[in-house]
Amino acid sequence: MDVPTSALTGALRVGVQVIVNQKRPMLEIYQTIHNEFGPPFEIDILDSTNTKILRTDKHRHQDVFIDFSLVNVGGIRAENVTFQTSGDFVREPPFEKLPSIFNTNVRQIAPGQMLHLLRVRPSDLNVYAPDDPENPTSYKPAGFKNDTLSITVRYEAPATWLNWSHRRWRSFRGLSQYETDFTFDPMLFESAELPPAKYNG
């Protein structure tokens, strides 16, 4: 099966290769650490009276996060993709809820297509404790979370006449044709080094 180069763009962004000789969909979840810097901007450094500019410094905002992507590395499209999650890992407010895609039936994912699932920030990996017992609103990191997040992805191959009986038999048993399991463990990143920086602009 020939897969157009344009269809592989998303998969190549996470360093994977579509298995074109695999005559079935194969969905995999990839977690990637990003270390990105935004465009430079200038900040004026003022004197103690805030009236005279002493100098102008250039800065960039740094953005460190873990990106989770679903990629179809198989040779044909996946259909009726659904998600089931379990585990106690929760991101920090206001992102404690998982994105709505986890409650969605994705009708199809083409070979090489990458689908963004969620982003985890460094602050989401920490357990927090009161910084000052007399100030309960002040918190500081007190270790890494040991809660995990498990994701089960269920999906099917296209309903061709060759695939129809297998797909039908599984559906009678209340099962999807294929499934993939993935578990995110924050402890994996406790001592992880950041990748080389990427500068945007």
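No value in this document is a laboratory result; all are computed from the given coordinates. Owing to the predicted nature of the structure, the values given are computational and were not obtained by experimental measurement. Every residue, glycine among them, receives a Cβ derived from its backbone with ideal geometry; neighbour counts consider all protein chains shown.
A Förster radius of 41 Å, combined with the Cβ-Cβ distance separating residue 58 from residue 179, puts the computed FRET efficiency at roughly 0.25. Past 32 Å, Cα to Cα: identify those pairs from 145/198; 140/198; 52/198; 97/198, in the order given. Distance filter (> 32 Å) returns 52/198.
For residue 144 and residue 49, the difference between the fully extended length at 0.36 nm per residue and the C-alpha to C-alpha distance is 30.0 nm. Packing here is the average count of other Cβ atoms within 10 Å per residue, and on that basis the peptides 67-73, 29-35, highest first, run 67-73, 29-35.
The translational diffusion coefficient of segment 23-80, from Stokes-Einstein at 10 °C and 1.306 mPa s with a Kirkwood hydrodynamic radius over alpha carbon pairs, comes to 101 µm²/s.
FRET efficiency for the residue 85 to residue 41 pair, using the beta carbon distance and R₀ = 41 Å, is estimated at 0.60.
Counting only aspartates and glutamates at least 8 places from residue 58 when in the same chain, those with an alpha carbon closer than 14 Å to its own are 42, 44.
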